[in-house]
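Following: one structure in structure tokens, then a few remarks.
The values are calculated or read from the model by the stated rules, or taken from the named source; none is laboratory data. Computed from a predicted model, the values in this text were never measured in an experiment. Reconstructed Cβ throughout: ideal geometry from the backbone, glycine too, with neighbour counts over all protein chains shown.
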């Protein structure tokens, strides 16, 4: 699992300090009074420090690495590393208290509002779904799509992987997509169909509006470029999935244009062959936190798909999303796809800013779309006669 | 356990400490609880000096008893009660959030906990013009929803709503160490500006505590304990009211009822616990009505229940005909 200790720094080459009586660093502020228990050190080290009687960060720094290694019986290199971590934490605290920028993601709500208003959405090509989501799939949030098999979750994921690449002049976010597949349900030829339909749609818009930037964007927005900007990973079990998610930040810092991370089938690797349920809950929660950090730091949307399971109640049984109650808190936005006779419906079940509602949708050869209303019978044209036109019937000869 | 150091008190010199350490007396607790005659013989130190040191150490490190009347006076003068902006929620909490105390909100996913948090932040910032710190660990903070709530309360005054937004500080902490550093920073800032009136921070809203603690439960780490201690200390010493959100996790296998996550050990941390439930039976019925019931309180009878409506631009009492305005 992700260790709380940052990767060890390279070998410390500066001369070792003389000991506890060496020059003491003077820090302003109360950051030095930080309790040892709240510093990101390993549990074994923390237990030894507590047994030796160290309580605050100040005491650790005063003792120095030699004294520390002597007191608690660790090697000098370990003591140096530990003190480096402590110093980093406390200097971070002091900078934050003094009003410096710091590394915490802190700002006022007004700044966040401006950021949110400037952010785009990833449209789904189904306008009813976009409406209930408040514009589309939101960036920096985790959206979970739950549904029974065959209802269209993977179709939506593939549609989003194409839609995230729509250029900005057509209303998209112009980003790339990462697709992590655990069930093996990603079909490239289907993505080709969806992408071709999307490019055609954009071409029609460009022809209707005839603007220069539309033409320029269309040059780069082609089938080949769409397919080459979907990064596909196949994970066969939960360990590969966890490893992939924990390695994702490095990948995303190299590919900074990624705006969508799709994990198709987060339930599948965790549902079979897992004896220890508490370990499963812990892993899932760690995964959720890691995904939130990715969504936030890289300003991308994270979309997960989940399966449904039956909860057997006293008198009846209901279909509920799988992976348990605690997983329900992981996603910020939750959509449940279900059937009503032969119509597919999408319900927005959980959202921080939109109301709960249900809309119908359909899956066409072109992808995920709205339900078309039945063709309206041609009503009689305006019955009011145009006064300048006079009936010619009698005069025609 | 504080390690004995030179200069901790007059009379405790470096040589004394070295000699004591050689005889395995390393911390204040060891010193105070050991037999001083024994120690003076083994270390060949003067008994009188040891007794003097012990007296000073006891005076420095022990707690002082206070009498009830003084405590009451102090409480009366230092505690403030912050109304939450929703009269029925205030009724549940005995007129509002008390500073120096922690209140906890629990509920199933989608029950409206983030909405209640946003509404409290909005009303404290707009109505009372106090600063609010919002620690977001789930990514659920949506500034546009908050703005919507402020606009509804501020009655079309643009500057009021935007200055209220500026008084709400949002920190995104996605892991327990970041949360602990954020709390430490709050403590430092408050202790430095003890009497200043600019930017009085009176409320800390944490959404949610269990998101950062859950990955550690069952493991061998003690950050959960440090967080508990850190939160309580901050509430008590800084005179801040803390409103935190925990999540309901498991279904009790015997009764089938939802019970709070983080277990029994966490239940001692907050002084008041409120349970938020949806009125509809399952996700098929969409409704904006919620019921809040009191699970633990030092002042009100438990089991008290009120109804809230989170669908409007505000968390309010439900009106008889649910309006379709809002979102």
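In the range B:4-32, the residue that is nearest to residue B:51 (Cα to Cα) out of those that are in contact with a helix residue (DSSP H, G or I) (Cβ under 6 Å, 6 or more places away or on another chain) and within 12 Å of chain A (Cβ to nearest Cβ) is B:28. Listed by first and then second residue, the pairs linking a residue in the range A:302-316 that is free of Cβ contacts under 8 Å to residues at least 40 places away in the same chain to a residue that is outside any strand (DSSP E or B) and loosely packed, with under 11 Cβ neighbours inside 10 Å, with Cβ atoms under 8 Å apart and 6 or more places separating them unless they lie on different chains, are A:313/B:256; A:314/B:256.
Considering the range A:302-327, and only residues there that are within 19 Å of residue A:261 (Cα to Cα) and within 11 Å of chain B (Cβ to nearest Cβ), the residue that is surrounded by the fewest Cβ atoms within 10 Å (Cβ to Cβ) turns out to be A:327. Filtered by the rule that a residue be loosely packed, with under 14 Cβ neighbours inside 10 Å and in contact with a strand residue (DSSP E or B) (Cβ under 9 Å, 6 or more places away or on another chain), the range A:229-254 gives a lone residue, A:234. Among the residues making up the range A:68-86, those that are at pLDDT below 80 and either in contact with a strand residue (DSSP E or B) (Cβ under 7 Å, 6 or more places away or on another chain) or surrounded by fewer than 18 Cβ atoms within 10 Å (Cβ to Cβ) (or both) are A:70, A:73. Across the range A:337-358, the qualifying residues are those that are more than 10 Å from every other protein chain (Cβ to nearest Cβ) and within 17 Å of residue A:160 (Cβ to Cβ), and the one among them that is surrounded by the most Cβ atoms within 10 Å (Cβ to Cβ) is A:346. Here the range B:112-134 is the region considered, the condition is being in contact (Cβ under 8 Å) with a residue 60 or more places away in the chain, over 12 Å from residue B:244 (Cα atoms) and not in a helix (DSSP H, G or I), and the residue that is farthest from the other protein chains (Cβ to nearest Cβ) is B:128. Condition first: facing chain A (nearest Cβ under 7 Å), surrounded by 19 or more Cβ atoms within 10 Å (Cβ to Cβ) and more than 19 Å from the chain's Cα centre (by Cα). Can you find one or more residues in the range B:157-169 that meet it? Yes, some residue in the range B:157-169 is facing chain A (nearest Cβ under 7 Å), surrounded by 19 or more Cβ atoms within 10 Å (Cβ to Cβ) and more than 19 Å from the chain's Cα centre (by Cα). When the residues of the range B:136-156 are filtered to those that are touching a residue at least 60 places away in the same chain (Cβ under 8 Å) and away from every other protein chain (no Cβ under 11 Å), the one that is surrounded by the fewest Cβ atoms within 10 Å (Cβ to Cβ) is B:152.
Here the range B:174-195 is the region considered, the condition is being within 7 Å of chain A (Cβ to nearest Cβ) and not in a helix (DSSP H, G or I), and the residue that is modelled with the highest pLDDT is B:174.
The condition of being surrounded by 14 or more Cβ atoms within 10 Å (Cβ to Cβ) and closer than 19 Å to residue A:49 by Cα holds for only one of B:4, B:8, B:45, that being B:4.
Scanning the range A:169-184 for residues that are under 15 Å from residue A:230 (Cα atoms) and either out of contact with any helix residue (DSSP H, G or I) (no Cβ under 8 Å at 6 or more places or on another chain) or surrounded by fewer than 21 Cβ atoms within 10 Å (Cβ to Cβ) (or both) returns A:173, A:174, A:175, A:176, A:181. One residue alone among A:169, A:146, A:174 is away from every other protein chain (no Cβ under 14 Å) and either under 30 Å from residue A:235 (Cα atoms) or under 19 Å from the mean Cα position of the chain (by Cα) (or both), and that residue is A:174.
Can you find even one residue in the range A:184-195 that is farther than 21 Å from residue A:125 by Cα and not in a loop (DSSP other than H, G, I, E, B)? No: zero hits.
Selection of the range A:48-59 for residues being at pLDDT below 80 and under 39 Å from the mean Cα position of the chain (by Cα) yields A:50, A:55, A:56, A:57, A:58. Against the condition under 25 Å from the mean Cα position of the chain (by Cα), surrounded by fewer than 13 Cβ atoms within 10 Å (Cβ to Cβ) and in contact (Cβ under 8 Å) with a residue 12 or more places away in the chain, how does residue B:78 come out, does it pass? In short, yes.
Here residue B:292 passes the criteria (1) away from chain A (no Cβ under 14 Å); (2) touching a helix residue (DSSP H, G or I) at 6+ places or on another chain (Cβ under 7 Å); (3) modelled with pLDDT under 80 except the one numbered (3). Summed over the range A:111-138, the residues that are within 14 Å of the chain's Cα centre (by Cα) and either assigned to a helix (DSSP H, G or I) or within 11 Å of another protein chain (Cβ to nearest Cβ) (or both) give a count of 1. Exactly one residue out of B:198, B:246, B:203 is at pLDDT below 75 and away from every other protein chain (no Cβ under 12 Å): that is B:198.
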